[in-house]
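Engineer: My structure is below; once you've seen it, I'll send some questions.
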Amino acid sequence: EVQLLESGGGLIQPWESLRLSCAASGFTFSTYAMSWVRQTPNKGLEWVSTLTNGGTSYYTDSVKGRFTVSRDNSISTLYLQMDSLTADDTAIYYCASNLQYGGTWSGFFDSWGQGTLVTVSA
Amino acid sequence: EIALTQSPGTLSLSPGERVTLSCRASQSVSSYLAWYQQKPGQAPRLVIHNVSKRATGIPVRFSGSGSGTDFTLTISSLAPEDFAVYYCQQRSAWPYTFGQGTKLEIK
């Protein structure tokens, strides 16, 4: 059974940093592209970042230069380093695996963690 | 950025009814569209990908169709567990985007 378990969320002051982790199990983590998706009541679901199994990373514009996605395949863990956080980054952050389809990774998300809440507030 | 507009915002229906949800893209997304189901307090769950492919474990009462800019998700006979919020998502272009959701509520 696929399991994704996020951790690292919490209350943080504006302009500070936070690192989220996502521990994966139940599948061959190293062969999957992985993503972060966030959700707020106002903006809904928002794709944040994708890291392919080959190490290529993609970001939505609003986090480029501030967020860094990385992975440690030896411990099946995905990370999201978030710097210079603002109130607009307040959200539930989900870790998700990218669907493999047609022999390659796709931009759809077939397994999700339970999410971790990040609140940026003074 | 490709905007996805879902309609209607909310639907009130009874179990057993047939329902069709709509998702319209601001520009063509070809066949790169998915649907997710989200229940309160839970993460989204992939229902349909590539317009019409059911995800693993999804019942056959769920079907998707469309191409280009107009897509639909149909549930042929609503089960009690189907009442949730449904989101569409495109992966045709960066950034990937989601619709704002359609809420299915029990009448």
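Engineer: Could you grab me the full set of residues in the stretch B:1-29 that are open to solvent by 60 Å² or more (accessible area, probe 1.4 Å) and out of contact with any Cys (no Cβ under 8 Å at 6 or more places or on another chain)?
Structural biologist: Passing the criteria: B:Glu1, B:Thr10, B:Pro15, B:Glu17, B:Arg18, B:Thr20, B:Arg24, B:Ser26, B:Gln27, B:Ser28.
Engineer: Next question, about the same structure. Would you check if A:Arg38 is surrounded by 19 or more Cβ atoms within 10 Å (Cβ to Cβ), part of a strand (DSSP E or B), more than 9 Å from chain B (Cβ to nearest Cβ) and not hydroxyl-bearing (Ser, Thr, Tyr)?
Structural biologist: The answer is yes for A:Arg38.
Engineer: Could you check the stretch B:59-86 and list, in sequence order, the residues that are open to solvent by 20 Å² or more (accessible area, probe 1.4 Å) and either within 11 Å of chain A (Cβ to nearest Cβ) or in contact with a Cys (Cβ under 6 Å, 6 or more places away or on another chain) (or both)?
Structural biologist: Within the stretch B:59-86, B:Val85 is the sole residue that qualifies.
Engineer: Cβ-Cβ below 7 Å, separation at least six or inter-chain, first residue in the stretch A:103-122 and at the interface with chain B (Cβ under 7 Å from one of its Cβ atoms) and farther than 22 Å from A:Gln81 by Cβ, second hydroxyl-bearing (Ser, Thr, Tyr) and part of a strand (DSSP E or B): which pairs?
Structural biologist: From residues that are at the interface with chain B (Cβ under 7 Å from one of its Cβ atoms) and farther than 22 Å from A:Gln81 by Cβ, the pairs are A:Asp110/A:Ser97.
Engineer: Right, next: List the residue pairs whose Cβ atoms are under 9 Å apart, where the first residue sits in the stretch B:35-53 and is more than 7 Å from every other protein chain (Cβ to nearest Cβ) and more than 17 Å from B:Tyr96 (Cα to Cα), the second is modelled with pLDDT under 95 and open to solvent by 10 Å² or more (accessible area, probe 1.4 Å), and the two are 6 or more positions apart or on different chains.
Structural biologist: Within 9 Å, the pairs are B:Lys53/A:Tyr101.
The values are calculated or read from the model by the stated rules, or taken from the named source; none is laboratory data. Remember, predicted model here, so these are calculated numbers, not experimental data. Using ideal geometry, Cβ is built from the backbone for each residue, glycine included, and neighbour counts are taken over all protein chains shown. Note: accessible area is taken over every heavy atom of the protein model, side chains too, but ligands, DNA and RNA are not part of it. Shrake-Rupley method; radii C 1.70, N 1.55, O 1.52, S 1.80 Å.
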